[in-house]
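**Q** Have a look at the structure that comes next, please.
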Amino acid sequence: MSEFRITGKAKLAGVIGHPVTHSLSPVLHNYWLARKEIDGAYVPLSVAPDAFVTAVKGLQASGFRGANVTIPHKEAAFAIADEVDPMARIAGSVNTLVFREDGSIHGSSTDGFGYIANLEADGIDVAALANRGPALLLGAGGAARSIATSLLEKGFQVIFSNRTAERADGLAKELDAAWRRYFPKGDAPRLSTVAWDKWEEQLGEMALVVNTTSLGMQGGPALDWTPDLSRASSHLVVSDIVYVPQETPFLKAAKERGLTTSGGLGMLLHQARLGFKAWFGADTEVDDATVAYIRAALSKR
Ligand code: ATR
């Protein structure tokens, strides 16, 4: 690796958040930049909500190529984009901004792509899975929204289950309306909900189940969560977007039953590939070295 890789011509990008200190994205992008000897940098940008527009304009004026956007700015990012990808439009969320040379801003949502790419990297045939049965999504927050949109795109029937039932119902209705608006002539999306105290009973019919809640997350509400997977069929794929700890209670319960599992870190790593390509112009790989590097960074926290 070259020692002085940031020159006056460096390509610049960053992550806008508030707070932004928890973000792994600077570690990941700068690792890839160094490994590929690209003259560039990716920086954390702590921006208060009322300064978001000023900050984006300032970054554009300073020659940045774009930015990731995290909590609490995802809706503001959607609003500031001149053009938005179809799936981001349906999900109503943008986490990646690309500043174009003509001054316009392109917005996309890379979480759903990252989720699907990670399943595939884990050897799961997503198209075949969609034919096997529905996807059950636990949770109804922003992550559920992006993942559900990508699963609909892959042809899944999507069933939400959330502790607060109204949120699951609201999300299903909202996505249904957004999908029909965008694809007025296409097939209607298959969206429904199941009560929070009933999802475990429904597992036998599911092909995929995803935890998008904070259950089992270090520092979250229930590290000792013990989901009952006894009704799962032997071909159920169990995935969790929580990545600290690496083996969440949900994945542990699935492994104990011999089920196929897919962990959360890969989604974060794969989603970053799209922004990296757009800003720095290079393809990246989520290989063992990348995963090991990020795990080491996580363990130092
Ligand atoms: P994000 O946008 O990252 O998905 P979020 O909007 O805060 O995050 O959503 C967190 C999810 O975890 C929600 O679905 C939440 O359920 P509620 O809508 O009922 O709040 C879920 N969640 C958090 N703590 C939970 C707990 N103890 N039991 C069940 N679900 C929980």
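**Q** Name the single residue that is farthest from Leu97 (Cα to Cα) among those in region 2-46 being under 17 Å from the mean Cα position of the chain (by Cα) and free of Cβ contacts under 8 Å to residues at least 40 places away in the same chain.
**A** Top of the filtered list is His22.
**Q** Looking only at region 82-92, decide whether some residue is away from the ligand (no atom under 16 Å from the Cβ), under 30 Å from Leu203 (Cβ atoms) and either not hydroxyl-bearing (Ser, Thr, Tyr) or not in a helix (DSSP H, G or I) (or both).
**A** Checking region 82-92: at least one residue is away from the ligand (no atom under 16 Å from the Cβ), under 30 Å from Leu203 (Cβ atoms) and either not hydroxyl-bearing (Ser, Thr, Tyr) or not in a helix (DSSP H, G or I) (or both).
**Q** Quick check, is Ile38 at pLDDT below 95 and not in a strand (DSSP E or B)? Walk me through it before giving the result.
**A** Working: at pLDDT below 95: no; not in a strand (DSSP E or B): yes.
In short, no.
**Q** Which residues, counting only those in region 257-288, are in contact (Cβ under 8 Å) with a residue 24 or more places away in the chain and more than 16 Å from the chain's Cα centre (by Cα)?
**A** Arg257, Gly258, Leu259, Thr260, Thr261, Ala278, Trp279, Phe280, Gly281, Ala282, Thr284
**Q** Further, regarding this structure: Spot the failing condition for Asp102; the list is (1) open to solvent by 30 Å² or more (accessible area, probe 1.4 Å); (2) outside the structural domain of Ile16 (by the TED database), and only one is missed.
**A** With respect to (1) open to solvent by 30 Å² or more (accessible area, probe 1.4 Å); (2) outside the structural domain of Ile16 (by the TED database), Asp102 is out only on (2).
**Q** I'm trying to understand the selection: among the residues of region 145-187, which are within 11 Å of the ligand (Cβ to nearest atom) and either free of Cβ contacts under 8 Å to residues at least 24 places away in the same chain or assigned to a loop (DSSP other than H, G, I, E, B) (or both)?
**A** Selection gives Asn162, Arg163, Thr164, Glu166.
**Q** When you check Gly204 against the structure, is it small (Gly, Ala, Ser), within 16 Å of the ligand (Cβ to nearest atom) and either touching a residue at least 12 places away in the same chain (Cβ under 8 Å) or touching a Gly at 6+ places or on another chain (Cβ under 9 Å) (or both), yes or no?
**A** So Gly204 fails the test.
The values are calculated or read from the model by the stated rules, or taken from the named source; none is laboratory data. Please read these numbers as outputs of a predicted model, since none were measured by experiment. Every residue, glycine as well, gets a Cβ built from its backbone with ideal geometry; the counts of neighbours run over all protein chains shown. Accessible surface is based on the protein model in full, side chains and every heavy atom, while ligands, DNA and RNA are left aside. Shrake-Rupley method; radii C 1.70, N 1.55, O 1.52, S 1.80 Å.
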